[in-house]
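**Student:** Structure provided below as structure tokens; questions to follow.
The values are calculated or read from the model by the stated rules, or taken from the named source; none is laboratory data. Keep in mind the model is a prediction, meaning the values are calculated, not measured. Cβ coordinates were reconstructed from backbone atoms using ideal geometry, including for glycine residues, and neighbour counts include every protein chain displayed. Quick note on the areas: whole protein, heavy atoms, side chains included, nothing else; ligands and nucleic acids left out. Shrake-Rupley method; radii C 1.70, N 1.55, O 1.52, S 1.80 Å.
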Amino acid sequence: DAMDTCKALARQEGIFVGTSSGATLAAALEVAKNAPKGANIVAMLPDTGERYITTTLFEDIPADMTAEELEIARSTPGYRFDVAAPAASSPADEPDAAPPDAAAVVDEILADPSQPVVMFALEWCEFCWSVRRMLMRYAIDYRSVDLDSVACQEGDLGGKIRAVLRERTGSPTIPQIYIGGRHIGGATELFDAFRTGEAQKLLEAGGVAWDQDVDDDPYSFLPVWLHAR
């Protein structure tokens, strides 16, 4: 089936895909059983399996590395999982100065009284999805400005907004979250603000409703593989 095909692709071919791609290939294999000899069957498999790491597709894979995996990791000095990689940057990596037009866009977004909770995000960032899950669990209405979305591609608006955020917050990371125009920070800063009650006070001040019966630990919304080992 689709799930087994996905896992076989990863194990046997090194192709990391999701369930829809597994289903596509499984269907193509069925078609191939009755296809004429020499027939070409095209099956498109987007290589985006990392989106499914926290789903049931890979639930049988342990969060911690096995002894065999650790041995392999330690055999490649430049790609160690148990040693922090040195920070590296170059002038080419530095974003351009924030343009005034993008700054005006950010100001307009943050000044909208109808959407006081704003997250500047990336569509397939695990930390962004951790925040999305938490906000959904608490039934908090929010605006997500996805900087890598099609809407932000024209004129590199997403890159320009990111430059504005970096200049204002001093941080190049995403997500960046605001409540009532006040900068909270990234995912863990938001989680900490919920733990201390600071975020709830800002929500109340901004007239934002949330499910006050929820008592989940905000850090529980991080994928298991992002939890501290």
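**Student:** Taking the residues in the range 141-157 that are among the aliphatic types (A, V, I, L, M) and surrounded by fewer than 19 Cβ atoms within 10 Å (Cβ to Cβ) as candidates, determine which candidate is farthest from residue 223 (Cα to Cα). Lay out the reasoning, then the answer.
**Tutor:** Filtering the range 141-157 down to residues among the aliphatic types (A, V, I, L, M) leaves 145, 147, 150-151, 157.
Imposing the further condition that a residue be surrounded by fewer than 19 Cβ atoms within 10 Å (Cβ to Cβ) reduces the set to 150-151, 157.
Working: 150: 26, 151: 27, 157: 29 Å.
Filtering first and then ranking leaves 157.
**Student:** Every residue in the range 13-50 that is more than 27 Å from the chain's Cα centre (by Cα) and open to solvent by 60 Å² or more (accessible area, probe 1.4 Å), please.
**Tutor:** Within the range 13-50, 29, 30, 31, 33, 34, 36, 37, 38, 40, 41, 42 qualify.
**Student:** Of all residues in the range 210-229, which are more than 13 Å from residue 135 (Cβ to Cβ) and open to solvent by 50 Å² or more (accessible area, probe 1.4 Å)?
**Tutor:** Here is the first cut: in the range 210-229, the residues more than 13 Å from residue 135 (Cβ to Cβ) are 212-213, 215, 217, 219-220, 222-229.
Passing the criteria: 212, 213, 215, 217, 219, 220, 224, 225, 227, 228, 229.
**Student:** Return a yes/no flag: does the range 187-206 have any residue that is farther than 23 Å from residue 54 by Cα, in a loop (DSSP other than H, G, I, E, B), touching a residue at least 40 places away in the same chain (Cβ under 8 Å) and touching a helix residue (DSSP H, G or I) at 6+ places or on another chain (Cβ under 6 Å).
**Tutor:** The answer is no, given that none of the residues of the range 187-206 is farther than 23 Å from residue 54 by Cα, in a loop (DSSP other than H, G, I, E, B), touching a residue at least 40 places away in the same chain (Cβ under 8 Å) and touching a helix residue (DSSP H, G or I) at 6+ places or on another chain (Cβ under 6 Å).
**Student:** Let me ask something else. In this structure, is residue 60 in a loop (DSSP other than H, G, I, E, B), open to solvent by less than 100 Å² (accessible area, probe 1.4 Å), on the phi < 0 side of the Ramachandran plot and at pLDDT 75 or above? I'd like the intermediate steps shown before the answer.
**Tutor:** Numbers: in a loop (DSSP other than H, G, I, E, B): yes; open to solvent by less than 100 Å² (accessible area, probe 1.4 Å): yes; on the phi < 0 side of the Ramachandran plot: yes; at pLDDT 75 or above: yes.
Yes, satisfied.
**Student:** Here are some residues: 179, 174, 184. Which one is aliphatic (A, V, I, L, M), within 16 Å of the chain's Cα centre (by Cα) and under 18 Å from residue 143 (Cβ atoms)?
**Tutor:** Numbers: 179 fails: within 16 Å of the chain's Cα centre (by Cα); 184 fails: within 16 Å of the chain's Cα centre (by Cα).
One residue alone meets the criteria, 174.
**Student:** Follow-up. Take the range 138-186 and flag every residue that is free of Cβ contacts under 8 Å to residues at least 40 places away in the same chain and part of a strand (DSSP E or B).
**Tutor:** Those that are free of Cβ contacts under 8 Å to residues at least 40 places away in the same chain and part of a strand (DSSP E or B): 143, 144, 145, 146, 182, 183, 184, 185.
**Student:** Kindly indicate whether residue 32 is in contact with a Ser or Thr (Cβ under 6 Å, 6 or more places away or on another chain), modelled with pLDDT of 75 or more, closer than 19 Å to residue 8 by Cβ and among the aliphatic types (A, V, I, L, M).
**Tutor:** Values: in contact with a Ser or Thr (Cβ under 6 Å, 6 or more places away or on another chain): no; modelled with pLDDT of 75 or more: yes; closer than 19 Å to residue 8 by Cβ: yes; among the aliphatic types (A, V, I, L, M): yes.
So residue 32 does not fit the description; no.
**Student:** Has the range 197-209 got any residue that is within 18 Å of the chain's Cα centre (by Cα) and open to solvent by less than 70 Å² (accessible area, probe 1.4 Å)?
**Tutor:** no
**Student:** Check the range 162-177 and report whether any residue there is at positive phi and at pLDDT below 95. Even if it seems obvious, please write down each step before you answer.
**Tutor:** Within the range 162-177, the subset at positive phi is 170.
Next cut, at pLDDT below 95 only: 170.
Taking every residue of the range 162-177 in turn, at least one turns out to be at positive phi and at pLDDT below 95.
**Student:** Follow-up. Inspect the range 110-121 for any residue being assigned to a helix (DSSP H, G or I), more than 12 Å from the chain's Cα centre (by Cα), free of Cβ contacts under 8 Å to residues at least 24 places away in the same chain and farther than 20 Å from residue 50 by Cβ and give the result as yes or no. Spell out the reasoning first.
**Tutor:** In the first step, residues of the range 110-121 are kept if they are assigned to a helix (DSSP H, G or I); the result is 110.
Okay, now just the ones that are also more than 12 Å from the chain's Cα centre (by Cα), so 110.
Now narrow it down to the ones that are free of Cβ contacts under 8 Å to residues at least 24 places away in the same chain: none.
No, there is no match, as no residue in the range 110-121 is assigned to a helix (DSSP H, G or I), more than 12 Å from the chain's Cα centre (by Cα), free of Cβ contacts under 8 Å to residues at least 24 places away in the same chain and farther than 20 Å from residue 50 by Cβ.
**Student:** I'd like to verify a number: residues in the range 100-138 that are among the aromatic types (Phe, Trp, Tyr) and open to solvent by less than 30 Å² (accessible area, probe 1.4 Å), how many?
**Tutor:** Here is the first cut: in the range 100-138, the residues among the aromatic types (Phe, Trp, Tyr) are 120, 124, 127, 129, 138.
Cutting the leftovers down to open to solvent by less than 30 Å² (accessible area, probe 1.4 Å) gives us 120, 138.
Looking only at that region, the number is 2.
**Student:** List pairs: first residue in the range 17-31 and farther than 11 Å from residue 48 by Cα and touching a residue at least 12 places away in the same chain (Cβ under 8 Å), second residue among the polar types (S, T, N, Q) and open to solvent by 10 Å² or more (accessible area, probe 1.4 Å) anywhere in the structure, Cβ distance under 7 angstrom, at least six positions apart or on different chains.
**Tutor:** From the range 17-31, the pairs are 22/5; 25/5; 26/5.
**Student:** In the range 63-82, which residue that is modelled with pLDDT of 75 or more and hydroxyl-bearing (Ser, Thr, Tyr) is nearest to residue 123 (Cα to Cα)?
**Tutor:** Across the range 63-82, the extreme among qualifying residues is 66.
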